1. Does segment 86-156 come out rounded, prolate or oblate by the C-alpha gyration tensor, with a ≥ b ≥ c the root eigenvalues, rounded set by a/c under 1.5 and, if not, prolate when a/b is larger than b/c and oblate if not?
2. Roughly speaking, what is the stretch gain from residue 150 to residue 228, that is 0.36 nm per residue apart minus the C-alpha to C-alpha distance, in nm to one decimal?
3. Which value results when the Cα radius of gyration for segment 61-199 is divided by 2.2 N^0.38 Å?
4. Distance between the C-alpha centers of segment 132-189 and segment 43-107? Whole Å please.
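Quick note: the coordinates plus some simple rules give every number you see, no bench work behind them. All values reported here derive from a predicted model rather than from experimental measurement.
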Amino acid sequence: MPVQVGEVPVACGPWVGRAPAAGRPRPPDDETITTGGLLARCADSGVRTALVTCADGRYGPVNPELGLVLEPDVLAQVRRDELRAAAHVLGVGEVVWLGHHDSGMSGAQTSLAPEAFWSRPVDLLVRQMVGVVRRFRPHAVVTYDAIGCTGHPDHVQAHRVTLLAVAAAGEACAMPGEGPAWLVRQVFYPVFPFSELERFIMDEVTAGRPHPFAGQPAMDINYARPDDVVTHRVASLAERNRGATS
């Protein structure tokens, strides 16, 4: 997780924080999968965080072992409840919901719906995010990289919107109705160093569990990067009770 914590605010989701931190824009569950350790570390270090969730996860998969079939509106509410519980366990200071629908996977018809995050007007999305940045005033923002980590349309859209909003938020003449200008000091993308992902793969295989990436090497995973391009690492020391969300 390439983000340094300390006395700098961090924001997540698009993240926003100060010796707050801001988290990156995301659908529900990514707050834990990609930045859970960072958020918990920030909370334990007294760093204020905000988590911005852009899409509602209504078209996400449901664990087949549960034997459940959930309509999109129902699943969206379940994902919202899960995110709220996860944010509480991770110590997130503030959760911001932008209110857009999940777009589904790349090429899905759902991405063309007018309510889908992927299809929403960019100026509307940027204005929403500028308002969050200027109100929360993060020193650092964490968001998806240019390929959206996994290539999900909503991840890519979150990357675009976040970078545009961070730039606009610092310009007093841009969107003056969203509050006083605020200059974000740093923007980070969460990735896995090759060495850490290779260690994870080896641990899984050695323990007799299936290869987590169906045999693909770490260097072929699109959210992994060579160790020498990872600028910051976060040591996640805090333990969280996995059952606390039940």
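1. On the way: a/c = 1.84, a/b = 1.52, b/c = 1.21.
In terms of gyration-tensor shape, prolate.
2. Details: separation 78, 0.36 × 78 = 28.08 nm, distance 2.12 nm.
Full-extension gain reported as 26.0 nm.
3. In units of the globular-protein estimate, segment 61-199 measures up at 1.18.
4. 20
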